[in-house]
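A short worksheet on the structure shown next.
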Amino acid sequence: MAAESSAAGSMRKAPSMEWRWVSAGEEEEEPAPPAPAGAVGRGGSFESEDEDDNDGDDDEEREEARQKLIRTGPSVDWFDVEGNEVSVAQPLEEYEEFDFGRTVFLALQTLAVVFGDIGISPLYTFDVMFNKYPILGEEDVLGALSLVLYTLILMPLVKYVLVVLWANDDGEGGIFAMYSLICRNAKVSLIPSQVQAQAEKRMSSFRLKLPTAELERSIKVKEKLESSLLMKKLLLGLVLFGTAMFISNGVITPAMSVLSAVSGLKVGIPNASQDVVVMISIALLVILYSLQRYATSKIGFVVGPCLLIWFCCLGGIGIYNLSRYGTSAFKAFNPLYIIYYFGKNPFQAWLSLGGCLLCATGSEAIFTNLCYFPVRFVQSMFVLLVLPCLVLAYLGQAAFLIATQRSSEHIFFSSIPSGAFWPVFLLANLAALIASRTMTIAIFQCLKQSISLGCFPRLKIVHTSRKFVAKIYIPVVNWLLLASSLGFIVLFRSTHDVGNAYAIAELGVMIMATLYVTIIMLLIWETHIIKVIAFVTTFLFLELIFFSSALSSVGDGGWALLVFASVLLMIMFIWNYGSKLKYDSEVRQKLSKDLMRKLGPNLGTMRAPGLGLVYSEIVKGVPATFGHFLTALPAIHSIIVFVCIRNVPVPVVPQSERFLFQRVCSRSYHMFRCIARYGYKDKKQEHHNTFERLLIEGLEKFIQREAVELSLQSEDDVESDDEPTTPTRVITAANGSLYSLDVPLMVDFAPSNEAIPESPSCSTPQDHSTLDYTQNLELELALIKQAKQSGAVYLIDNPIVKARKDSWFFKKLTINYFFAFLRNNCRRAVVSMSIPHSNLLQVRLTSYV
């Protein structure tokens with residue numbers, strides 16, 4: 001055991017284990033590949049010396065053919081995994097030491113980024129509710145207030161703040177983050193894995209689990225999800241639908257928030273017309289989205305204090321109304337008033353549920369914007385500040401309505417003390433703009449996740465902060481949101497009609513969140529079944545009731561939102577469908593090992609001095625594009641590097657860690673795989689000479705480090721009588737740092753002229769006694785120097801994807817027209833550099849899918 005611990009400790013990363021039930025027959029038919037001595041093997045299982053002494057017992061168990069719970073390791077391309085990690089990458093963690101200044105700063109930023117949307121809900125909740133349910137007495141107000149209070153407690157507090165926030169994916173929140181979390185724990189993804197290593201980033205977080213009923217249930221759920229193609233498609237369809245509804249929610253939020261805030265002008269100036277309100281709302285939104293890029297960084301620090309003043313204002317106005325009009329509103333904490341509310345007029349009470357849910361708008365934004373802050377901090381801010389202020393605001397408005405029995409329009413502004421009306425009016429408009437900003441930021445985060453998972457066309461993403469990776473700005477989306485929000489305002493002009501669409505969007509996202517958290521409870525958290533049933537039945541039942549009420553208002557304004565969401569869903573489906581077909585086609589067309597073996601080191605052509613940089617999105621294998629170059633060009637370069645651009649979630653990647661290298665085939669082929677890593681603040685439009693110089697320097701250091709390691713390992717083999725060595729799987733960065741994998745750093749040098757090892761650091765098969773590492777190193781370095789002097793050529797593929805002629809009509813329409821349009825108008829994944837035309841060679845291959 002000590003030896004095993006030592007070996008495991010020398011590894012930088014160990015694969016996490018997967019649990020599954022197998023029978024004895026299955027275990028024999030599917031033996032795990034052997035693991036290296038003293039290490040937790042990839043694809044192997046944990047073994048001990050005691051197991052060798054119990055062969056007789058094992059035979060008896062095989063005869064009984066009973067099921068056993070075993071641990072198996074996932075098959076992972078570690079070169080791809082390390083391509084996403086650099087030494088400067090730090091996960092979001094809680095602060096270890098208390099710092100008052102930093103705590104205050106975080107508190108203000110939390111208010112500005114997370115709670116802006118939910119903080120504006122008192123402006124319009126009662127207005128929309130009582131538009132469907134007229135006020136006839138005190139009991140009507142108390143029933144509506146009781147419904148709002150318990151909705152506020154159940155939805156934002158219990159569901160999102162206490163439960164859903166923990167369903168984050170390494171600090172990332174949102175519907176796509178939950179889908180990514182499920183895909184990391186079960187093989188259910190139908191998305192082309194362009195960043196598969198991202199899902200395996202923290203595979204060392206292994207913890208031993210004892211067999212329990214919850215674990216057995218988790219394994220069965222996992223097997224059901226993995227074995228059912230219908231379930232996989234359903235999960236992907238739900239996440240696309242939820243994302244479309246969330247983006248639609250972000251379009252409605254600015255229209256609803258700003259329009260309701262500006263509508264208070266009618267209270268201060270009774271003669272103000274609705275046209276004036278609409279014009280002012282449009283002007284404010286244009287200003288907001290014009291400053292959105294700067295609002296995420298330069299003026300974001302001003303927003304926090306404004307929101308703090310706003311929440312204090314909400315609480316203060318509520319306390320004022322309670323002290324002036326009486327405390328009878330506190331009777332609404334008795335849930336019996338909800339029964340009376342529905343018993344008096346059931347149909348109108350049901351219609352008003354859509355307006356009631358508006359008190360919980362912004363709940364999903366709390367989860368989506370989680371990437372900025374620790375979970376505990378968000379929970380504390382909501383419980384200690386946000387929730388009390390919102391409760392006081394609703395209690396104060398109810399006390400005002402009970403005492404005055406006035407019209408149900410502009411309730412919040414009518415309840416403001418006359419002397420404080422205009423300051424509060426200005427503050428409310430500022431808070432409405434902040435709420436719009438909050439949802440816009442949440443949409444940026446959601447789209448960033450969907451783009452990284454290949455479910456949305458690639459767009460330009462601008463990072464506005466060097467400290468926080470989450471602070472981003474997407475120009476195209478920003479202007480699209482502005483145009484859509486203005487369209488909703490001009491189309492409906494009323495907070496009541498916009499509120500109907502608002503409720504539909506919010507509920508669509510909430511229902512998707514409930515379903516995904518239920519799966520996470522069963523699959524990952526292994527929650528007790530009683531708690532799972534209580535969660536899903538309670539919230540899904542409530543949300544479906546709310547949703548039915550909101551759908552009843554489709555004709556009043558909800559239809560426009562459903563049309564907008566349908567267009568977004570179609571775009572995401574087409575992009576995902578086309579990208580998957582394209583990716584599968586590229587994988588099928590990869591050049592095989594047998595073909596490379598038959599071609600030999602000269603690749604079936606002439607090897608001319610020079611450096612060929614072949615860009616490809618495929619990290620594993622030789623892309624089909626390279627085969628086209630071999631047949632179309634009279635000669636191929638002496639040094640071939642397959643370059644894959646990878647964006648990592650850090651501000652800047654040090655130049656010493658920019659490139660990772662791996663050999664392709666044996667040493668005599670002089671072919672390498674390279675991952676070029678860039679942080680979100682790195683300059684990617686660098687000059688091609690700079691890129692070539694850095695890449696060649698990194699390649700030389702890799703070869704030097706490889707030779708040293710192989711020579712040291714060879715000396716150890718001469719002195720050691722231990723087991724034969726296993727194929728190496730080592731990754732060396734340009735700075736000489738080893739990214740250690742799961743087997744020792746040594747290759748089997750058994751003489752062979754046929755097989756081409758797949759290991760990343762292979763050398764020409766020779767006898768150990770005749771190897772001269774120094775001579776080989778000098779020859780290869782000289783070859784690289786000669787290639788550098790001859791110059792580099794960039795070989796870039798720009799493929800065309802078309803449906804086969806025998807494909808059905810809708811597939812041809814989707815791939816040949818819609819997907820082609822999206823692909824031609826989105827950003828390319830290859831890094832943009834100032835490459836002269838004389839050094840650039842592009843090819844357009846047509847792939848039929």
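The values are calculated or read from the model by the stated rules, or taken from the named source; none is laboratory data. What you see is a predicted model; the values in this text were computed from it and never measured. Here the Cβ is made from the backbone with ideal geometry for all residues, glycine too, and neighbour counts use every protein chain on show. We work out accessible area using only protein heavy atoms, side chains counted, and drop any ligands, DNA or RNA first. Shrake-Rupley method; radii C 1.70, N 1.55, O 1.52, S 1.80 Å.
Accessible surface for R597 stands near 90 Å², nearest 10, in the context of the full protein assembly shown (1.4 Å probe).
Summarising the label geometry, the points placed 7 Å from Cα in the beta-carbon direction at V462 and Q789 lie 4.6 nm from one another.
Given a 1.4 angstrom probe, I'd like the percentage of the accessible area of segment 213-339 that is carbon and sulfur, rounded to a whole number.
Taking all protein chains in place, segment 213-339 shows 70 percent carbon and sulfur surface.
First check a/c for segment 416-501, with a ≥ b ≥ c the square roots of the eigenvalues of its C-alpha gyration tensor; if it is under 1.5, answer rounded, and if not, answer prolate when a/b is larger than b/c or oblate otherwise. Here segment 416-501 falls in the oblate category.
Want the number for L234 to T846: 0.36 nm per residue separation, take away the alpha-carbon distance, what's left?
So the extension gain works out to 217.2 nm.
Peptides 633-640, 589-596, 451-458 ranked from most to least packed, by the mean per-residue count of other Cβ atoms within 10 Å: 451-458, 633-640, 589-596. For I800, nonlocal amide neighbours, meaning residues 5 or more places apart or on other chains whose placed amide H falls under 5 Å from its own, are L845, T846, S847. Using a 1.4 Å probe over the heavy atoms of the protein chains, calculate the carbon and sulfur portion of the accessible area of segment 363-421 as a whole percent. For segment 363-421, the apolar C and S fraction of the accessible surface comes to 57 percent. Each label was represented as a point 7 Å from its Cα along the Cα-to-Cβ direction; for M570 and L162 these points are 4.3 nm apart.
Legend: residues S838, S552, sorted from most to least accessible area (1.4 Å probe; ligands, DNA and RNA excluded), read S838, S552.
Under a 5 Å amide H cut-off, with hydrogens placed 1.01 Å from N, R673 pairs with F642, Q662, R663, V664 among residues at least 5 apart or on other chains. Annotation: per residue accessible area for segment 419-468 equals 32 Å², rounded to a whole number [probe 1.4 Å, protein chains only]. Placing a pseudo-label 7 Å from each Cα along the Cα-to-Cβ vector at F333 and K580 gives an inter-label distance of 5.1 nm. Past 23 Å, Cα to Cα, is the threshold; run K701/K788; K582/K811; K580/K811; K187/K233; K590/K701 against it and keep the listed order. The pairs that break the limit, which is 23 Å between Cα atoms, are K590/K701. Note that segment 659-669 has calculated 3J(HN,Hα) couplings of 10, 10, 10, 8, 7, 10, 6, 7, 4, 5, 6 Hz, one per residue in order, obtained from phi through the Karplus relation 6.51 cos²θ - 1.76 cosθ + 1.60 (θ = phi - 60°); glycine and proline are x.
Distance between the C-alpha centres of segment 507-551 and segment 413-478: 27 Å, rounded to the whole angstrom.
The average projected area of segment 497-609, computed from the convex hull of its Cα atoms over all directions, is 13.7 nm². Normalising the Debye intensity of segment 567-631 to I(0), with uniform scatterers on Cα atoms only, and taking log10 at q = 0.18, 0.19, 0.20, 0.30 Å⁻¹ returns -0.76, -0.82, -0.87, -1.33.
Given R0 = 22 Å, the distance between the Cβ atoms of F105 and S380 translates into a calculated FRET efficiency of 0.90. For segment 277-397, the calculated P(r), taken from all Cα-Cα distances in 10 Å bins from zero up to the bin holding the longest distance, is 10, 26, 35, 21, 7, 0 percent. Maximal additional length on extending the V302-S227 stretch stands at 21.8 nm, based on 0.36 nm per residue less the C-alpha distance.
With the whole protein complex present, I441 retains an accessible surface near 0 Å², based on a 1.4 Å probe. Coupling constants for segment 414-426 follow from the phi torsions by the Karplus curve (6.51 cos²θ - 1.76 cosθ + 1.60, θ = phi - 60°), and in residue order they are 5, 8, 6, x, 4, x, 10, 4, 5, x, 5, 4, 5 Hz; glycine and proline get x.
If the viscosity is 0.692 mPa s and the temperature 37 °C, what Stokes-Einstein diffusion coefficient in µm²/s follows for segment 401-548 when Rh is the Kirkwood radius over Cα pairs? In µm²/s, the coefficient is 169. In whole percent, how big is the carbon plus sulfur part of the accessible area of segment 485-587, probe 1.4 Å, protein atoms only? Solvent-exposed carbon and sulfur of segment 485-587 make up 76 percent of the total. Taking all protein chains as shown and a probe of 1.4 angstrom, K802 keeps an accessible surface of around 90 Å². Compute the FRET efficiency between R597 and H688 as 1/(1 + (r/R0)^6), taking r as their Cβ-Cβ distance and R0 = 30 Å, and round to the nearest 0.05. Working from the Cβ atoms, E equals 0.35. Amide H contacts for G610 (H built 1.01 Å from N in the peptide plane; partners 5 or more residues away or on another chain; cut-off under 5 Å): S638, I639, A787.
Scalar couplings 3J(HN,Hα) for segment 172-178, obtained by applying the Karplus form with A = 6.51, B = -1.76, C = 1.60 to θ = phi - 60°, are 7, x, x, 5, 6, 5, 5 Hz; x denotes Gly and Pro. How large is the translational diffusion coefficient of segment 603-661 in µm² per second when you combine the Kirkwood radius over alpha carbon pairs with Stokes-Einstein at 10 °C and 1.306 mPa s? My calculation gives 119 µm²/s for D.
Keeping every protein chain in place, order Y325, Y160 by accessible area at 1.4 Å, biggest value first, i.e. largest first.
Most to least solvent-accessible, the answer reads Y325, Y160.
Between I530 and F347, the contour length at 0.36 nm per residue exceeds the alpha carbon distance by 62.6 nm.
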